[in-house]
Ligand SMILES: [Zn+2]
């Protein structure tokens, strides 16, 4: 599927996905569950996830590199806001577990000499629809 075909999801739609997950522990996605950003370990089987949409906006030429941390969090904080209009959420695609529908965000961080596939579980309570 081309990236362009992914439906863009709003903050409200992302929250709805988070509320639709089946509660409780899920053996299928348990190894991927992480409250803050983590690198996807090469041993993780990401085929248990299904890509359902994106937070990227085709109508934004230069997605901001600013992060949104009004309460003193930082990029790796487990309680950092999930703000779709800000970095790195504005580069994320949205994935759900095929077994329990738990949503995750994923993007690729490009460093000078590396690419890092990162993942974070979506906690509806942290979604923040602030705009840059
Ligand atoms: Zn699951």
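All of the numbers you see were taken from the coordinates with simple rules; none came from a lab. Everything numeric here is computed off the predicted structure, so don't read it as measured data. Positions of Cβ are backbone-derived with ideal geometry, glycine not excepted, and every protein chain shown enters the neighbour counts.
Extension gain, residue 57-residue 19: 0.36 nm per intervening residue step, less the Cα-Cα distance, totals 11.4 nm.
Using the Stokes-Einstein relation with a Kirkwood hydrodynamic radius computed over Cα pairs, the translational diffusion coefficient of region 3-126 at 25 °C and a viscosity of 0.890 mPa s comes to 166 µm²/s. The calculated FRET efficiency for residue 131 paired with residue 110, based on their beta-carbon distance and R0 = 25 Å, is about 0.50. Using C-alpha pairs under 8 Å with a sequence gap of at least 6, the mean separation divided by the residue count of region 3-126 gives a relative contact order of 34 percent.
Annotation for residue 76 and residue 12: the two label points, set 7 Å from Cα along the Cα-Cβ direction, are 3.6 nm apart.
The convex hull around the C-alpha trace of region 21-74, projected and averaged over every direction, spans 6.2 square nanometres. Remark: the residue 69-residue 39 segment gains 8.7 nm on full extension, using 0.36 nm per residue and subtracting the alpha carbon distance.
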